[in-house]
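The structure under discussion appears below in the form of structure tokens.
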Amino acid sequence: WRVGVYWGPDKKYYYGVVHSYDKAAGTHLVVYEDSTMESLNLVKVKVQWVEVVPVASRPILIEAPAEEPPAKKAKAPKAKAGKGHVGKRVGIWWEDDACFYYGVLESYDESKGTHHIKYDDGTDEHLHLGEHKVDWKGKAK
């Protein structure tokens, strides 16, 4: 199905395709037009059911190669703060949505140790990158 999922803060629908269903979790994987993905319980959100999409027309998801797990006592590397990251395109993991949202690091505030990120959808925020899971490869727009 092609669906519109209502996003309250923006007061609008975002459109995508229901790619699959996870029976154990009771969630559908929605691949949005901007290529972001989100696992949702479609019963619990406001949805516009637009049209049936044939299986052959659904987006094809390509799994990233599995990384070797870190040694048992090793910790995941923390993002280092600093001006050197300004201008880089990154993805910030949103746990509630179970996906990365991408944008550009616009500036760095040394006094607070935060970066200002402007996301592709126009929203922005100030983050301590060391407190977030960051995709440093930053997919293309």
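Restricting to the range 8-30, and then to whatever is closer than 19 Å to G122 by Cα and modelled with pLDDT of 85 or more, can you tell me which residue is surrounded by the fewest Cβ atoms within 10 Å (Cβ to Cβ)?
Selected residue: K11.
Mind checking which residues of the range 85-120 are touching a residue at least 40 places away in the same chain (Cβ under 8 Å), over 18 Å from V31 (Cα atoms) and open to solvent by 40 Å² or more (accessible area, probe 1.4 Å)?
Selection gives K88, R89.
Determine if the range 37-47 includes at least one residue that is open to solvent by 100 Å² or more (accessible area, probe 1.4 Å) and modelled with pLDDT of 90 or more.
Among the residues of the range 37-47, at least one is open to solvent by 100 Å² or more (accessible area, probe 1.4 Å) and modelled with pLDDT of 90 or more, which makes the answer yes.
List the residue pairs whose Cβ atoms are under 7 Å apart, where the first residue sits in the range 3-21 and is not assigned by the TED database to the domain that holds G122, the second is open to solvent by 100 Å² or more (accessible area, probe 1.4 Å) and outside any strand (DSSP E or B), and the two are 6 or more positions apart or on different chains.
Close Cβ pairs satisfying both conditions: Y6/K46; Y15/E33; G16/E33; V18/W1.
Have a look at E125, E131, E63 and point out the one that is among the charged types (D, E, K, R) and modelled with pLDDT under 75.
E63
Name every residue in the range 121-139 that is closer than 29 Å to N41 by Cα and free of Cβ contacts under 8 Å to residues at least 40 places away in the same chain, in order of residue number.
Within the range 121-139, G122, T123, D124, E125, L127, E131 qualify.
Go through the range 88-139 and tell me which strands (runs of 3 or more DSSP E), entirely inside it, have 1 or more residues that are among the basic types (K, R).
89-94, 114-119
The values are calculated or read from the model by the stated rules, or taken from the named source; none is laboratory data. If you're wondering where the values come from, they're calculated on a predicted model, not measured in any experiment. Neighbour counts are summed over all protein chains in view; Cβ atoms, including those assigned to glycine, are modelled from backbone coordinates with ideal geometry. Note: areas computed on protein heavy atoms with side chains; ligands, DNA, RNA excluded. Shrake-Rupley method; radii C 1.70, N 1.55, O 1.52, S 1.80 Å.
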